[in-house]
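The values are calculated or read from the model by the stated rules, or taken from the named source; none is laboratory data. On a predicted model such as this, the values are computed, not experimentally measured, just so you know. Cβ sites come from the backbone with ideal geometry, for glycine too, and all protein chains shown count toward neighbours. What goes into the accessible areas is simple: the full protein's heavy atoms, side chains included, and nothing from ligands, DNA or RNA. Shrake-Rupley method; radii C 1.70, N 1.55, O 1.52, S 1.80 Å.
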Amino acid sequence: MKAGVLGVVDGSFKAVDSVSETVTEDDHELERCLVIDRVFSLPSGGMAFAGRAAVEELAARTETSIEDGEIHVTEAAGPVTRYTEFVGVPGEFVAVDSGSGTFAFDLIGAETNTTIERATLDLDAFFAEQEAATPWKAGFNGTGDDAVNGIFHGEDLRRTHDLRETLEDSTLNQLGLSYAYDDSDVKMTAARSGYVEVYRPSEFDSGQYLEFLADEIVPHVD
């Protein structure tokens, strides 16, 4: 796993157990399942975990039928299943594979008696620390009268745009960088909403991704 939405743990736990339960909502029995597939060591020696989660939820849906030459359309609520994969470091943070998978934060939090909140990233502070990095993507939200709103793409935005001046009246909501990290040439992107993806090196595994998050991203959670 090299991409996901980051959630930060409020509390402490050393392990996560698999759990399955049934809840009742509007006379429907709905299943919730959290499966820990493996516990493994990070390159630094710390512990990590990986697993999957799925929940059934009630959702409105349209049902159409034909009776006696008439078309009947009705609205009904029925169960739908959401699924996600995740990796995490016990007591510190969890990453789910997409924004639709953040329900796993609640399942893991309930099992470990903690709270896991989707992270908001301070990309301006992260970018300020990466003076030697090559920015290839930058999205901005304007904060002043002359502020820029939008997104830039290019091979090296430091050469094609005055990012320092732009940031005087704007804040970063997206950022893509290429830079040296831990003897690797990393190409990555991050969003203020907590999504972080590593494109390069292609051989990055889940453990290396978690260490990258711990080293580079978690210190810049708002």
Got a number for carbon plus sulfur as a percent of region 1-127's accessible area, 1.4 Å probe?
-> 45
Can you give me the Cα centroid spacing of region 93-157 and region 1-27 in angstrom?
-> 21
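Determine the relative contact order of the chain: mean sequence separation of Cα pairs under 8 Å and six or more apart, normalised by residue count, in whole percent.
22
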For residue 119, distant residues with modelled amide H under 5 Å away = 6, 7, 8
Computed, not fitted: 222 nm per-residue ellipticity of the chain from DSSP H runs ≥ 4 (each -39500 (n - 2.57)), nearest 500, equal to -3500 deg cm²/dmol
Among (1) 3.31; (2) 1.21; (3) 1.25, the value of Cα Rg over 2.2 N^0.38 Å computed for this structure carries the label (3)
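Can you compute the FRET efficiency between residue 161 and residue 132 using 1/(1 + (r/R0)^6), with r the Cβ-Cβ distance and R0 = 22 Å? Round to the nearest 0.05.
Efficiency at R0 = 22 Å is approximately 0.80.
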Of 93, 79, 64, which is farthest on the positive side of the dipole of the chain, counting Cα position, with +1 on Lys and Arg Cβ, -1 on Asp and Glu Cβ, and the Cα centre as origin?
-> 93
Cross-link reach from residue 137 to lysines, straight Cα distance under 28 Å and at least 8 residues apart if same chain, gives 2, 187
What does the accessible area per residue of region 78-222 come to in Å², with a 1.4 Å probe and no ligands, DNA or RNA counted?
-> 48
Nearest 20 debye, what's the magnitude of the dipole of region 46-184 about its Cα centre given +1 on Lys and Arg Cβ and -1 on Asp and Glu Cβ?
-> 320
Taking a label point 7 Å from the Cα of residue 215 along the Cα→Cβ vector, which residues of region 93-133 have an amide N closer than 16 Å to it?
-> 129-133
Two-site label geometry, residue 98 and residue 169: point separation in nm, points 7 Å out along Cα→Cβ = 3.8
